[in-house]
Amino acid sequence: MIQLESLLNLILPVRCALCSAYLETEIGLCTNCQAKLGAPKLEGNIIHLGAYHGHLERAVRALKFGKNRNVAVPLGRRLAQGIRDAIWQVDAIVPIPLFVLRQQTRGYNQARELAKSLATALDVPKLEALRRVKSTKRQARLGKTERSSNVREAFEVLAHVRNLELVLVDDVYTSGATATECALALIEAGAKRVRIAVISRVLESDSKSKSR
Ligand SMILES: [Zn+2]
């Protein structure tokens, strides 16, 4: 399947994941669509590119469901710019893992693709430090209280993280329950600091009106 994909890339011209314009030297998104991505926003320990609607929502969907992994490259570069502007010390980038079965169904983990691109842009390692240890029900179907109990103790730390300043990466930040559980697990394992970079932050008012 991967071979077929790269073969097709050689034969077919590569197009922008959002507007289908032909790409020349750009990766994933054309220059116009890249310009429409939001500027990085810093909110406490979170860096994101904006609310989950419009252009950003389409970019997240392209990364998650459109099987266009290259979209992760411009998004990761934009987040890297935010991290540099915020002068965060970063020792490694840690993707929030999907549950194994879900990853097998989808074929890849969008957080891992994003982490790869962000780590490359910042020239720091990507560290697969976490593993889900039990299945979680789909978050979107649960209320806020259920959400936090649903993910409790769902992560295990696999890597040596003592004294490291880490950035957790995911596509979307909704209730924050998953990221908080990951951060707590890493801190318990000795991490010095854990901060978060996501493409988009879903506000409660947005998430009520959207089914994701
Ligand atoms: Zn475009």
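5 Å is the cut-off here: which amide hydrogens, built 1.01 Å from N in the peptide plane, fall below it relative to Ala191, excluding neighbours closer than 5 in sequence?
Correct list: Asn163.
Within a Cβ distance under 11 Å of Leu29, other residues only, what is the Lys/Arg minus Asp/Glu net charge? Mind dumping the intermediate values first?
On the way: positive: Arg15, Lys36, Arg58, Arg77, Arg78; negative: Glu26.
Here the count lands on +4.
Please turn the phi angles of the stretch 40-46 into ³J(HN,Hα) values with the Karplus equation 6.51 cos²θ - 1.76 cosθ + 1.60 (θ = phi - 60°), one per residue in order, whole Hz, x for glycine and proline.
Calculated HN-Hα couplings, in order: x, 10, 9, 10, x, 9, 10 Hz.
Using 0.36 nm per residue of separation minus the Cα-Cα distance, give me the extension gain between Val14 and Glu128 in nm, one decimal.
In short, 38.1 nm is gained.
For a protection proxy built on the mean count of beta-carbon atoms within 10 angstrom, sort 110-121, 75-86 highest first, please.
Peptide ranking by packing, descending: 110-121, 75-86.
Report the gain in length on full extension from Ala39 to Phe65: 0.36 nm times residue separation, minus Cα-Cα distance, nm rounded to one decimal.
7.0 nm
Could you check the spin-label model distance between Glu165 and Tyr108? Points 7 Å from the Cα along Cα→Cβ, value in nm.
3.0 nm
Any read-out appearing in this document is the output of simple, stated calculations on the displayed coordinates, not a laboratory observation. The structure presented is a predicted model; accordingly, all values stated were derived computationally and were not measured. Cβ sites come from the backbone with ideal geometry, for glycine too, and all protein chains shown count toward neighbours.
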